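Peer 1: Have a look at the structure that comes next, please.
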Amino acid sequence: MGKIMGKEYHVAVNGSDGSIGSVAEPFATIQRAADIAMPGDTVIVHGGQYREWVKPANGGSSEICRITYRAAEGEKVVIKGSEQVTNWEKVEETVWKAVLPNSMFGDYNPYKEILGGDWFVAPEGDILHTGDVYLNGKSFYEAKSLEEVKNPVMRKEGVNPPWTKHAEPLLHPEDSIYQWYCEVDGENTTIYANFQGADPNRELTEINVRKCCFYPVKTGRNYITVSGFEMAQAACPWTPPTADQPGLLGANWSKGWVIENNIIHDAKCSGISLGKEESTGHNLCTRTHRKPGYQYQMEAVFRARHIGWSKETTGSHVVRNNVIYDCGQNGIVGHMGCVFSEIYGNHIYNIAVKHEYFGYEIAGIKLHAAIDVQIHHNNIHNCTLGTWLDWQAQGTRVSKNLYYNNDRDLMVEVTHGPYVVDNNIFASDYNFDNIAQGGAYVHNLCCGTMRREPVPDRSTPYHYPHTTEVAGTTVVYGGDDRLYRNIFLGGVKTYTEQSTCGTEGYEASTTSLEEYIDQVLAKGVGDLEMYLLVKQPVYINDNCYLNGAKPFEREENYYLSDENPNVRISEEEDGTYLEMTATPGMLKAAEGELSSGFFGMVRIVEAAYETPDGKEIFFDSDYRGQKWEGAALAGPFAGLKEGVNRIKVWG
């Protein structure tokens, strides 16, 4: 497909916004180009540091007539939401203060803006802000008082999800003694910080000033490409699904963005945002307390439909080959604005590992209503939670991703399917929070536990296939899952009664829709209550259970052994490797080709497992894209040999 080419504008740190934006006479700010760029135009930004919030005034008109922003080839371009501060005054041995005029922040002062909103959880008594302090790029911790700044205590554990039943350790506890505290009056903002012996006037010391680095203030700025930048240090707010969701970089309820080859880090909350927007609700539970957040979220879905939420107006973004790290809430976030998107090739790590706060919206990738979203070939590690698909993950596919060293790898919540999880490496001790139904788990390596729970008290929407049109709402009964040709490992600690290694947690489930209906009818005359009394069918076969993992009691064909394959992930200079010892029993092949047509339709939605364009999915290649030769093995690797296998899984 050809591209319609328009004008080319150039930006350089030695340019002038009064110039014409040519190579010889470039603009000085990216915003100057963003104010005038029209469909088909390209904005080329040359090397250097730009401290600004770029707010695109216009969007492209189609896939072939977009507005492109890109870093000049071979040049490093950094956009920062921070400013350097050099007027620090020493208070005592390691503590300094900076007094800054409020005018420096305009209409958004991150040291006055309170961090919070729906589903946000701060430590008891804490008031946190959207601002931050950085010493040579290192983010500080906010203290409750000046006294804490003067006498910092190392934090070893942070705020964590209550259902995990264990504290989550800080990844770098030694950094927690670098602390800051702020006071704001009618004229000035005063920031105190403990620099642990460093002189902040001699080092690079920065503070958050702007909410975003690249984010349109108006919705509907479609078909924009953002490529090749480094963006950092934005004071973006908490982004629940019931509020406006500005990120350090984001599309703001638009269509057809391409976000590629960028380095995104140190967002106070979310690195890349794909939506929602404010008119469909903004923290109304926290602000009014009239209804639970759940109800406002349900209303947001119908409000979005009312204003035209559809494939024609929203989503269909591509987020690829970005490096995203050190963000407080999410690497990538989106509610409804993420529909029909593709997220691949991204390296996402160190998300929410400071544990300064918790909230029910934290993950490397956290999406609501991920309709037909394809998440594949990403490397997600050292996150509080790797990926969280919440509400309406219908037609979603999570395929060929690498997860390791996460507190939890994947959570799917209150959705009804069909969704597919295939050919992934789940190498953390806690793999799944399966609080959903209608999932197909195929050819995965699962090194940890699965927690399963029904949700009989929250009815959530489902859709006509491949659209945003709501077909109905219902509760999550649990089950209606398909689990084929996975490797499950035991030998790790389980923290909840609902957590198991393997598929034994599906005990007492029916194994066909016919059996399920017969048992419902046998309960007698009734309606809704009868369906709550019978466990939905599950379809489980050809899995491999090792080192204490246990099978579903009615699985017919499986391999069970106490042997330990000693799976290990190692990060090396040329990439990331997985080592696994395979025994002859693990190399027993399953019979027949496996495709999504074999799985039938999910019970509630009455929709098939298929690609976004309605085609059957064939599970004919492994994690690396290598085709299965003959019958397939359990797990995500073709060509395993007996003994130690060393496989490059990233890089």
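The values are calculated or read from the model by the stated rules, or taken from the named source; none is laboratory data. All values derive from a computational prediction rather than experimental measurement. Note that each Cβ is placed from the backbone with ideal geometry, even for glycine, and that neighbours are counted across all protein chains shown. In case anyone asks, the SASA skips ligands and DNA or RNA and just uses the protein heavy atoms, side chains included. Shrake-Rupley method; radii C 1.70, N 1.55, O 1.52, S 1.80 Å.
Peer 1: Determine whether segment 165-174 contains at least one residue that is assigned to a loop (DSSP other than H, G, I, E, B), open to solvent by less than 40 Å² (accessible area, probe 1.4 Å) and touching a residue at least 40 places away in the same chain (Cβ under 8 Å).
Peer 2: Yes: one or more hits.
Peer 1: Only one residue in L533, L594, L546 is among the hydrophobic types (A, V, I, L, M, F, W, C) and without any contact (Cβ under 8 Å) to a residue 40 or more places away in the chain, so which one is that?
Peer 2: Every option except L533 fails the conditions.
Peer 1: Within 15 Å of K138 (Cα to Cα), among the charged types (D, E, K, R) and touching a Cys at 6+ places or on another chain (Cβ under 9 Å): which single residue out of D199, D266 fits that description?
Peer 2: Being within 15 Å of K138 (Cα to Cα), among the charged types (D, E, K, R) and touching a Cys at 6+ places or on another chain (Cβ under 9 Å) holds for just one of D199, D266, which is D266.
Peer 1: If you don't mind, there's one more thing I want to ask. Cβ-Cβ distance below 6 Å, separation of 6 or more or different chains: which pairs start in segment 289-318 with a residue that is touching a residue at least 24 places away in the same chain (Cβ under 8 Å) and end on one that is among the acidic types (D, E) and open to solvent by less than 10 Å² (accessible area, probe 1.4 Å)?
Peer 2: Here the result reads G293/D118, each pair linking segment 289-318 to a residue that is among the acidic types (D, E) and open to solvent by less than 10 Å² (accessible area, probe 1.4 Å).
Peer 1: Something else about it: Kindly establish whether I569 is more than 22 Å from D429 (Cβ to Cβ), part of a strand (DSSP E or B) and among the aliphatic types (A, V, I, L, M).
Peer 2: no
To keep it simple, each residue is scored yes or no on (1) touching a Pro at 6+ places or on another chain (Cβ under 9 Å); (2) outside any loop (DSSP other than H, G, I, E, B); (3) at pLDDT below 95; (4) among the acidic types (D, E).
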site	(1), (2), (3), (4)
I259	no, yes, no, no
K291	no, no, no, no
Q295	no, yes, no, no
F302	yes, yes, no, no
I324	no, yes, no, no
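Peer 1: Let me ask you something else. Any idea which residue in segment 521-548 is surrounded by the most Cβ atoms within 10 Å (Cβ to Cβ), counting only those that are among the charged types (D, E, K, R) and either within 21 Å of I435 (Cβ to Cβ) or more than 34 Å from the chain's Cα centre (by Cα) (or both)?
Peer 2: The extreme case among them is K535.
Peer 1: Sort through G271, G186, G250 and tell me the only one that's of a type in the set (G, A, S) and over 19 Å from G328 (Cβ atoms).
Peer 2: G186
Peer 1: I would also like to ask the following. Go through segment 235-261 residue by residue and tally those that are open to solvent by 10 Å² or more (accessible area, probe 1.4 Å), touching a Cys at 6+ places or on another chain (Cβ under 9 Å) and of a type in the set (A, V, I, L, M).
Peer 2: 0
Peer 1: Return yes when E75 is open to solvent by 40 Å² or more (accessible area, probe 1.4 Å) and within 25 Å of N136 (Cα to Cα) and no when it is not.
Peer 2: So E75 fits the description; yes.
To keep it simple, each residue is scored yes or no on (1) modelled with pLDDT of 95 or more; (2) surrounded by fewer than 18 Cβ atoms within 10 Å (Cβ to Cβ); (3) within 23 Å of T239 (Cβ to Cβ); (4) within 29 Å of the chain's Cα centre (by Cα).
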{"residue": "W53", "(1), (2), (3), (4)": "yes, no, yes, yes"}
{"residue": "A57", "(1), (2), (3), (4)": "yes, yes, no, yes"}
{"residue": "T68", "(1), (2), (3), (4)": "yes, no, no, yes"}
{"residue": "A71", "(1), (2), (3), (4)": "yes, no, no, yes"}
{"residue": "G81", "(1), (2), (3), (4)": "yes, no, yes, yes"}
{"residue": "S103", "(1), (2), (3), (4)": "yes, yes, no, no"}
{"residue": "G125", "(1), (2), (3), (4)": "no, yes, no, yes"}
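Peer 1: Just give me the residues in segment 307-332 being open to solvent by less than 20 Å² (accessible area, probe 1.4 Å) and closer than 20 Å to N261 by Cβ, in sequence order.
Peer 2: Within segment 307-332, H317, V319, N322, I324, C327, N330, G331, I332 qualify.
Peer 1: A232 fails exactly one of the following numbered conditions: (1) more than 22 Å from V11 (Cβ to Cβ); (2) under 20 Å from the mean Cα position of the chain (by Cα); (3) open to solvent by less than 10 Å² (accessible area, probe 1.4 Å). What is the number of that condition?
Peer 2: The number of the failed condition is (1).
Peer 1: List every residue pair whose Cβ atoms lie under 7 Å apart, where the two residues are 6 or more positions apart in sequence or sit on different chains, the first residue falls within segment 421-436 and is part of a strand (DSSP E or B), and the second residue, located anywhere, is crowded, with 24+ Cβ neighbours inside 10 Å and of a type in the set (F, W, Y).
Peer 2: That search, which allows pairs on different chains as well, returns V421/Y441; I425/Y403; I425/Y623; F426/Y403.
Peer 1: Here are some residues: I375, I371, I348, I380. Which one is of a type in the set (A, V, I, L, M) and part of a loop (DSSP other than H, G, I, E, B)?
Peer 2: I371
Peer 1: Restricting to strands (runs of 3 or more DSSP E) lying wholly in segment 437-505: which have 1 or more residues that are of a type in the set (D, E, K, R)?
Peer 2: 449-452, 455-463, 482-484
Peer 1: Continuing with the same structure: Assess whether E147 counts as being over 30 Å from A34 (Cα atoms), open to solvent by 10 Å² or more (accessible area, probe 1.4 Å) and part of a loop (DSSP other than H, G, I, E, B).
Peer 2: Answer is no for this residue.
Matching residues to (1) out of contact with any Phe, Trp or Tyr (no Cβ under 8 Å at 6 or more places or on another chain); (2) at pLDDT below 95:
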| position | (1), (2) |
| --- | --- |
| D574 | yes, no |
| Y577 | yes, no |
| T581 | yes, no |
| L587 | yes, yes |
| V605 | no, no |
| T611 | yes, no |
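Conditions (1) of a type in the set (A, V, I, L, M); (2) modelled with pLDDT of 95 or more; (3) open to solvent by 10 Å² or more (accessible area, probe 1.4 Å), marked per residue:
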site: V414; (1), (2), (3): yes, yes, no
site: N423; (1), (2), (3): no, yes, no
site: A427; (1), (2), (3): yes, yes, yes
site: G438; (1), (2), (3): no, yes, no
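Peer 1: Here's something else I'd like to know. Determine, yes or no, whether G337 is out of contact with any Pro (no Cβ under 7 Å at 6 or more places or on another chain), open to solvent by 10 Å² or more (accessible area, probe 1.4 Å), not in a strand (DSSP E or B) and not aliphatic (A, V, I, L, M).
Peer 2: Judged against the criteria, G337 is not a match.
Peer 1: Residue pairs, Cβ under 9 Å, 6 or more apart or interchain, first in segment 549-577 and open to solvent by less than 40 Å² (accessible area, probe 1.4 Å), second of a type in the set (K, R) and in a strand (DSSP E or B). List them.
Peer 2: From residues that are open to solvent by less than 40 Å² (accessible area, probe 1.4 Å), the pairs are G575/K648; T576/K648; Y577/R568; Y577/R646; Y577/K648.
Peer 1: Need pairs with beta-carbon distance below 7 Å; first residue without any contact (Cβ under 8 Å) to a residue 40 or more places away in the chain and within segment 638-649, second surrounded by 11 or more Cβ atoms within 10 Å (Cβ to Cβ) and of a type in the set (A, V, I, L, M, F, W, C); sequence gap 6+ or separate chains.
Peer 2: A638/W628
Peer 1: Also, I was wondering about something else. Among the residues of segment 130-144, which ones are within 22 Å of the chain's Cα centre (by Cα) and either modelled with pLDDT under 95 or not in a loop (DSSP other than H, G, I, E, B) (or both)?
Peer 2: Listed by number, the list holds a single entry, S139.
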